[in-house]
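Read through the structure below, which is laid out as structure tokens, and then see the notes.
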Amino acid sequence: MSGESVISVRNIKTYFYSENRCNRAVNGVSFEVKRGRTLCVVGESGCGKSVTASSIMQLLPRLARIEEGEIIYHTENGDVDLSKLKRNGKEMRQYRGKDIAMIFQDPMTALNPVFKVGNQIAENIIQHEHVSKAEAKARALELLKQMGIPEPEKRIDQYPHEYSGGMRQRAMIAMAMSCNPKVLLADEPTTALDVTIQAQIFELMDKLKKEHDTAVVLITHDMGVVSEMADDILVMYMGNVIESGTAREVLKNPKHPYTKALLASIPVLGRGKDQKINPIRGMTPNPHNRPKGCQFEPRCDFSCDKCKECMPDEQMLEGTHMVRCHNWEEADK
């Protein structure tokens, strides 16, 4: 049923350890992934978007671990805390690819270069469903047709390097959707693709969401894509959620200075070349040497002494709209 929570992420903290230092890449993130809705996770590079998705899938590097929190997957047979399962254990592998699928940022590194594309898609189907190799290959062919790949009968027996960038990304989506997952995590799925292919891929994801009531988590830093695709929005900065709510709440009435700055930094179609684009001043802090209080304080026009001392608490505004800022009322004037 649309709107029901499929995954509940509660105060998740994922830390990376290297050279005797700790990077708190995700530092207490909470959100709900709802059936039949698209949740867009936005923010600058390095804010923790991809690490959040990798934490859900338990696809973290060896030197990273989930220190605190819960990732509750609401199955038909009860709730399962994915963060407590063994990364490559049987139970986690059972959910990964079947119930929860992921489209990775770079299909060239995600697809195996020495296996044919059709075999890689069929392998996922065989792994999770009791079907023969012939049936799995027929399903793979059907998926390639649905993805709009030209000459699918020929392409199914080709290797990833024989595909264009757009076709590789479609093949990745075909693999992700091969078992009709309940949750689809898309990590910047259209990076380095031309605009027409981008539009087709987003249209495809929207169609899959509507037809199968799939919950989609779309990770992006493109606010134009967000305005087109999002039902709900999560704005992240330095491993924290600083604003969240429905697309209408966040885009029409942004409260956090960072969200406002993100929206002000994108060009508006039709305003011509003379429109003023305002980049966000400064740089994101060194993750190993973070500010003591609010992480955005060094770049914020509304910072005060309180911002330097402590991270603000979450404040619920109207509806589902949440903001973490000491001076959001001042910024909203």
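The values are calculated or read from the model by the stated rules, or taken from the named source; none is laboratory data. Quick caveat: nothing in here was measured; it's all calculated off a predicted structure. Note that each Cβ is placed from the backbone with ideal geometry, even for glycine, and that neighbours are counted across all protein chains shown. The protein model used for the area step is the full one, side chains on, heavy atoms only, and it has no ligands, DNA or RNA in it. Shrake-Rupley method; radii C 1.70, N 1.55, O 1.52, S 1.80 Å.
Inspect segment 82-93 for any residue being hydroxyl-bearing (S, T, Y) and under 24 Å from I242 (Cα atoms) and give the result as yes or no.
yes
Of the numbered conditions (1) of a type outside the set (D, E, K, R); (2) within 15 Å of the chain's Cα centre (by Cα); (3) at pLDDT below 95, P107 satisfies every one except a single condition; which is it?
(2)
Checking the conditions here, which among F16, F31 is open to solvent by 50 Å² or more (accessible area, probe 1.4 Å) and of a type in the set (A, V, I, L, M, F, W, C)?
F16
Going by the conditions given, is K49 basic (K, R) and free of Cβ contacts under 8 Å to residues at least 40 places away in the same chain?
When the stated conditions are applied, K49 does not pass them.
Could you list, in sequence order, all residues of segment 320-333 that are part of a loop (DSSP other than H, G, I, E, B), at pLDDT 90 or above and surrounded by 14 or more Cβ atoms within 10 Å (Cβ to Cβ)?
Listed by number, the residues that qualify are H321, R324, C325, H326, N327.
Every residue, every condition in (1) in contact with a strand residue (DSSP E or B) (Cβ under 7 Å, 6 or more places away or on another chain); (2) more than 18 Å from D187 (Cα to Cα); (3) of a type in the set (A, V, I, L, M, F, W, C), yes or no:
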| position | (1), (2), (3) |
| --- | --- |
| C40 | yes, no, yes |
| L63 | yes, yes, yes |
| E70 | yes, yes, no |
| D81 | yes, yes, no |
| L85 | no, yes, yes |
| D106 | no, no, no |
| T109 | no, no, no |
| F115 | no, yes, yes |
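Taking the criterion of being more than 23 Å from G46 (Cα to Cα), more than 28 Å from the chain's Cα centre (by Cα) and open to solvent by less than 50 Å² (accessible area, probe 1.4 Å), would at least one residue in segment 302-319 satisfy it?
Within segment 302-319, one or more residues are more than 23 Å from G46 (Cα to Cα), more than 28 Å from the chain's Cα centre (by Cα) and open to solvent by less than 50 Å² (accessible area, probe 1.4 Å).
Which residue pairs have Cβ atoms under 8 Å apart, sit 6 or more places apart or on different chains, and have a first residue in segment 312-333 that is among the β-branched types (V, I, T) and a second that is assigned to a helix (DSSP H, G or I)?
Listed pairs, sorted by first residue: T320/E249.
Which condition number in (1) under 24 Å from S5 (Cα atoms); (2) touching an Asp or Glu at 6+ places or on another chain (Cβ under 9 Å); (3) open to solvent by less than 10 Å² (accessible area, probe 1.4 Å); (4) not acidic (D, E) is the one that P189 fails?
Single failed check for P189: (2).
Condition check: touching a residue at least 24 places away in the same chain (Cβ under 8 Å), within 30 Å of V6 (Cβ to Cβ) and basic (K, R). Does R155 satisfy that? Give the derivation first.
Values: touching a residue at least 24 places away in the same chain (Cβ under 8 Å): yes; within 30 Å of V6 (Cβ to Cβ): no; basic (K, R): yes.
Answer is no for this residue.
Check whether at least one residue in segment 166-178 is assigned to a loop (DSSP other than H, G, I, E, B), surrounded by fewer than 21 Cβ atoms within 10 Å (Cβ to Cβ) and at pLDDT below 90, and report yes or no.
First, the residues of segment 166-178 that are assigned to a loop (DSSP other than H, G, I, E, B): 178.
Among the residues that remain, those that are also surrounded by fewer than 21 Cβ atoms within 10 Å (Cβ to Cβ) are: none.
Checked against the condition, which is being assigned to a loop (DSSP other than H, G, I, E, B), surrounded by fewer than 21 Cβ atoms within 10 Å (Cβ to Cβ) and at pLDDT below 90, segment 166-178 yields no hits at all.
Take the conditions out of contact with any Lys or Arg (no Cβ under 8 Å at 6 or more places or on another chain) and part of a loop (DSSP other than H, G, I, E, B) and apply them to T190. Does it pass?
Here the answer is yes, as T190 does meet what is asked.
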